[in-house]
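For reference, the structure is listed below as structure tokens.
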Amino acid sequence: MRTLTAAVVIVGLMASACSPSQPASPQTAAPAASTPPADTGGEGKQQSALAPATIARLAKAKAPFDLTGNWFIDVSQNPEAWRFGPPYPKLTAASQVHWDAAKKATAEGKVYRDDIGQCWPAGLPLIMTRYWPMAMVQIPSAIYMISGFMNSVRIVYLDGRKHTDPDIIVRTYNGESIARWEGDTLVVDTIGFRGDHHWMDQGGVAIPAGEQLHIVERIRLVGEGKQLEIEYTMTDPEHWEGEWKSTKRFNRVDDEDIQEVSCLPDLNEHIRSTTSKTQILQ
Amino acid sequence: MQKFLLGCACVVVLAPVVSVGAHHSPAAFDRTKEVKLVGTVKEFRWQNPHTWIEVIVPDEKGKDVLWGVELTSPTYLIRAGWKSNIIKPGDKVTVVVNPVRSGEPSGIFRSLTLADGRVLTERPARLGTPDSK
């Protein structure tokens, strides 16, 4: 609930920040002489993507396209299109043990380490292809993505910032995404992933996603704006060799909005397959 | 007389993979089997990410067994004609499920037959395609 509330607040902030007739907010007014100066962290500190000055600066250059909308993985030709394989890359030994364990579990009628089913975040890349739409709101400085699946939030920055220093980055399941425009393509670079309870597939295929995971997405708007094409190039030398490539298409959904979705503490008490003897949790 | 038909109702089902809307792996379910549950609704929860039904079903010896039935999200169920008040505790229903492979009284939903004979499934229109309208 808190997550969706935060998302709604974000969207509300964006709407107000984008309004050209919006008067200066009290927060941007010059402080009174007796008021201590705001802690800006010093000159050059990264400003928020939602700071009015940031948005105004970047609004001068028109973006090649606007992803604002609800997007849903195209499964019209293949209900398994949410997976990023096959083909799968050549796995390292560290990854092969999980692959083999998942295959063995499946053969025995069991489920191997389905962490998403245990309410861990899906994380990137799987969060993009859940069977719920992904709401995207684009402003000049960022794209805010809110998944209909657990309301997972992903922010793609367009404001020219650099990736956070590895010494201080807070690792997450969706990672830190920074994008740049290359002609009619938006190139999104994502690092900073959590390397535990994070998987590249689900349902009989177990390939871990580690802290070295690096994902580059080349995003284009196609089909007269009704489809999103994302070409994924993924590397994680701890878990597979070379580049793992996959191209996905997403359809625009104009007759549904995302809803509040949470993995509540009592959910799996009633979704009993997740607590059944079929589950191999460790 | 209510009947618990586990075993005699098992049939091969040529079903597509039904991972629609699931937050968890569908691998726990045996898609080649169907179990027909004839019983009484104990609870029906209309919620995200999954709707669920608990049904009290007498076994061969007459002992009540509580079955858990997992369904997709209300978004898809609405598209298939469901409403939040379509069943309530105490209703007599027949539910067909694909059971979990462990043999526990749990399964993923296939169809619901109400006391008045109406049959509901959860076959959803796919979002973002022409048939979703």
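Quick check on my link table: of A:110/B:63; A:277/B:36; A:226/B:33; A:245/B:83; A:110/A:245; A:104/A:245, which ones sit more than 32 Å apart, alpha carbon to alpha carbon?
A:226/B:33; A:245/B:83
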Calculate, for residue A:169 and residue A:218, the FRET efficiency according to 1/(1 + (r/R0)^6) with r their C-beta to C-beta distance and R0 25 Å; round to the nearest 0.05.
-> 0.60
Length gain on complete extension for the stretch residue B:114 to residue B:86, per 0.36 nm per residue less the alpha carbon to alpha carbon distance?
-> 9.2 nm
Simple spin-label model, 7 Å along Cα-to-Cβ: residue A:211 to residue B:47 in nm?
-> 3.6
Environment charge of residue B:56, counting only residues whose C-beta is closer than 13 Å and scoring Lys/Arg +1, Asp/Glu -1 | -2
Stretched fully, the stretch from residue A:90 through residue A:241 gains (0.36 nm per residue minus C-alpha distance, one decimal, in nm) 53.8 nm
Report the local net charge at residue B:104: Lys and Arg +1, Asp and Glu -1, summed over other residues whose C-beta lies under 11 Å from its C-beta.
-> +3
Among A:112-120, A:253-261, how do they line up from the highest to the lowest mean number of other beta-carbon atoms within 10 Å?
-> A:112-120, A:253-261
Return the distance in nm (one decimal) between the two label points of a simple spin-label model at residue A:108 and residue B:78, each offset 7 Å from Cα along Cα→Cβ.
-> 4.3
What's the average, rounded to a whole number, of partner chain beta-carbon atoms within 10 Å of each residue's beta-carbon in A:108-118?
-> 4
Is the shape of the stretch A:74-280 rounded, prolate or oblate, going by the alpha carbon gyration tensor and its root eigenvalues a ≥ b ≥ c, with a/c under 1.5 for rounded and a/b larger than b/c for prolate?
-> prolate
Could you please state, rounded to a whole Å, how far the C-alpha centre of the stretch A:95-109 is from the C-alpha centre of the stretch A:141-180?
-> 32
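Peptide A:262-272: average number of partner chain Cβ atoms within 10 Å per residue?
That average works out to 6.
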Considering every residue in A:196-202, what mean count of other chain Cβ atoms within 10 Å of its Cβ is obtained?
-> 1
In nm, spacing of pseudo-spin labels at residue A:61 and residue A:229 (7 Å Cα→C-beta vector) | 2.4
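No value in this document is a laboratory result; all are computed from the given coordinates. Note that the coordinates shown come from a computational prediction; the quantities given were computed from them, not determined experimentally. Neighbour counts run over all protein chains shown; Cβ positions are idealised from the backbone, glycine included.
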